[in-house]
1. Going by C-beta contacts inside 10 Å, put 52, 100, 37 in order with the fewest on the left.
2. For 59, 142, 170, what's the fewest-to-most ordering of other Cβ within 10 Å of each Cβ?
3. Fewest to most neighbouring Cβ within 10 Å: what's the order for 19, 33?
4. Which one, 23, 64, 44, is farthest towards the positive end of the dipole of the range 17-65 when Lys and Arg carry +1 and Asp and Glu -1 on their Cβ?
5. In debye, nearest 20, what is the charge dipole magnitude of the chain about its Cα centre with +1 on Lys and Arg Cβ and -1 on Asp and Glu Cβ, if you could check?
6. Once you place label points 7 Å from the Cα toward the Cβ at residue 160 and residue 109, how far apart are they in nm?
7. To the nearest Å, what is the center-to-center distance of the range 29-64 and the range 93-115, using C-alpha atoms only?
8. Just to check, using Stokes-Einstein with a Kirkwood Rh over alpha carbon pairs, what's the diffusion coefficient of the range 6-169 at 37 °C and 0.692 mPa s in µm²/s?
Amino acid sequence: MHPGGIQYDPALGGGATWDVGCYGFDVALWAFDRTPDSVRARWHAEGGAAVDTTGVAVLDFGAGRSALVDYSFDYGPRSRYELQGTRGSISVRNAWAYSDEECVITIATLDGTREEVLPAADPYQHQAEAFGAAVRTGTAPLVSLADSRRTARVGEALVESARTGVDVRLS
């Protein structure tokens with residue numbers, strides 16, 4: 001990540017939360033299929049950057065369900081997430097970043113562990129192609145406007161929490 005790039009320009013929506021953190025908290029929104037009750041975020045700006053370069057967020061979905069998301073421009077590339085439940089876990093490596101690397105999904109349950117390997121692919125190309133197909137055919141996009149608004153609302157709440165140092169309620 002180049003410190004002179006748009007990711008470091010607050011006027012252009014820069015910062016780790018919007019550039020890389022959004023992928024992690026969007027996975028949590030997808031997994032729980034709802035808006036969290038509240039969120040909390042803390043940030044660090046390496047070298048006096050004008051934007052957050054590292055962040056950690058906690059999304060509280062109520063009933064003992066939560067998501068912990070960490071993201072950064074400051075440490076090595078990662079593109080993974082893990083979902084843990086009462087009956088097992090799913091870990092996804094190379095979830096969205098590297099078009100020349102396979103995606104490995106590890107599913108662990110009390111009955112054992114198995115892996116699914118997906119071929120290398122460019123997720124941004126797939127996103128653009130899916131959007132183009134929706135426009136051409138008039139079909140609903142894979143990600144709805146409501147889902148996109150929810151992701152933006154949660155991102156804004158994380159920004160507010162990091163700025164104020166307090167939890168932000170969303171429901």
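1. 100, 37, 52
2. With the fewest neighbours first, 59, 142, 170 line up as 142, 170, 59.
3. 33, 19
4. Of the candidates, 64 comes out farthest on the positive side.
5. With only Lys, Arg, Asp and Glu charged at Cβ, the dipole is about 540 debye.
6. Output for this residue pair reads 4.0 nm.
7. 24
8. 190
Values quoted throughout were computed directly from the atomic coordinates according to the rules given, and no laboratory measurement underlies them. Computed from a predicted structure; not experimentally measured. Neighbour counts are summed over all protein chains in view; Cβ atoms, including those assigned to glycine, are modelled from backbone coordinates with ideal geometry.
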